[in-house]
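Visitor: The structure under discussion is supplied below as structure tokens; questions concerning it will follow.
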Amino acid sequence: TDREHADTQPTWSPNGRHIYFTSFCDGAPTIWRVARAGGPPNRVTLGAGPEEWPTVSSDGRRLVYSTHLETGTVSLIDLSTGQRTPVREGQWVMEPAIAPDGSSLLFVSDRAGTYDIWKLPLRGGRPEGAPERLTALRGTCAHPVFSPDGQWIAFFRVVDGQRDVWIMPAGGGAPQNFTAHPAVDTAPEWSPDGSQLAF
């Protein structure tokens, strides 16, 4: 957007008609959306903020984002009804991503003492059951995203100050290093056909 404040963390709507993003225009980060063709952006969340890292479900019916004051919380919102379901797991819960089929929610949490990626089963857009820890690696894991087919998860990992992109099977398993460069490689996003990663 052509505004004077910071607009960050963009993500596409599944139909490609809108871009959701975090904006600092009201003094605290909140979620906005703008049409792909342009025009004025519309504020989506009305909470006290900060509200960050938006992701829209593959059917376009649910928005998930991180929010935090003294602790981090993830909220699931049914975009057709406005019903909000908070996810509170551990001291910090952030950087959520919904599986393409809506069956689970990824998030980052320090509930086991380090920042790892967790997977929470969903049924009808609501949490069901206990979350499963997907990573138990040295360092910090962040920004998990599902591949469009739901088979893979990309994320970035910080170890001794080095930031690289990693991938792993969505059902769990050994993560594989995707980038091994001394540059700062963060915030991966899958291409619509799942054949490439931008970071």
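The values are calculated or read from the model by the stated rules, or taken from the named source; none is laboratory data. Note that the coordinates shown come from a computational prediction; the quantities given were computed from them, not determined experimentally. Please note: Cβ atoms are built from the backbone with ideal geometry, for glycine as well, and neighbour counts cover all protein chains shown. These accessible areas exclude ligands, DNA and RNA; they are computed on the full protein's heavy atoms, side chains included. Shrake-Rupley method; radii C 1.70, N 1.55, O 1.52, S 1.80 Å.
Visitor: Restricting the search to segment 145-192, which residues are under 15 Å from the mean Cα position of the chain (by Cα), at pLDDT 90 or above, assigned to a loop (DSSP other than H, G, I, E, B) and β-branched (Val, Ile, Thr)?
Guide: Passing the criteria: none in range.
Visitor: Restricting to segment 87-111, and then to whatever is touching a strand residue (DSSP E or B) at 6+ places or on another chain (Cβ under 7 Å), modelled with pLDDT under 80 and not β-branched (Val, Ile, Thr), can you tell me which residue is surrounded by the fewest Cβ atoms within 10 Å (Cβ to Cβ)?
Guide: This residue is Arg88.
Visitor: Consider segment 173-199. How many of its residues are within 12 Å of Thr135 (Cα to Cα) and surrounded by 14 or more Cβ atoms within 10 Å (Cβ to Cβ)?
Guide: So the answer is 1.
Visitor: While we're here: Has segment 60-71 got at least one residue that is surrounded by fewer than 18 Cβ atoms within 10 Å (Cβ to Cβ), among the hydroxyl-bearing types (Ser, Thr, Tyr) and modelled with pLDDT under 80?
Guide: At the first step, the residues of segment 60-71 found to be surrounded by fewer than 18 Cβ atoms within 10 Å (Cβ to Cβ) are 60-61, 68-71.
Going one step further and asking which of them are among the hydroxyl-bearing types (Ser, Thr, Tyr), we end up with 71.
In the following step, the residues that additionally are modelled with pLDDT under 80 were identified as 71.
Within segment 60-71 (the criterion being surrounded by fewer than 18 Cβ atoms within 10 Å (Cβ to Cβ), among the hydroxyl-bearing types (Ser, Thr, Tyr) and modelled with pLDDT under 80), the answer is yes, since at least one residue qualifies.
Visitor: Can you list residue pairs whose Cβ atoms sit under 9 Å apart, with the first residue in segment 95-108 being in contact (Cβ under 8 Å) with a residue 24 or more places away in the chain and the second being open to solvent by less than 10 Å² (accessible area, probe 1.4 Å) and of a type in the set (D, E, K, R)? Count only pairs 6 or more apart in sequence or on different chains.
Guide: Close Cβ pairs (under 9 Å, with a partner that is open to solvent by less than 10 Å² (accessible area, probe 1.4 Å) and of a type in the set (D, E, K, R)) amount to Val108/Asp116.
Visitor: A further question on this structure: Restricting to segment 122-131, and then to whatever is part of a strand (DSSP E or B) and over 15 Å from Pro100 (Cβ atoms), can you tell me which residue is least open to solvent (accessible area, probe 1.4 Å)?
Guide: Top of the filtered list is Pro127.
Visitor: Same structure, new question: Thr55 is checked against (1) of a type in the set (Ser, Thr, Tyr); (2) open to solvent by 60 Å² or more (accessible area, probe 1.4 Å); (3) modelled with pLDDT of 85 or more and fails just one. What number does that condition carry?
Guide: The number of the failed condition is (2).
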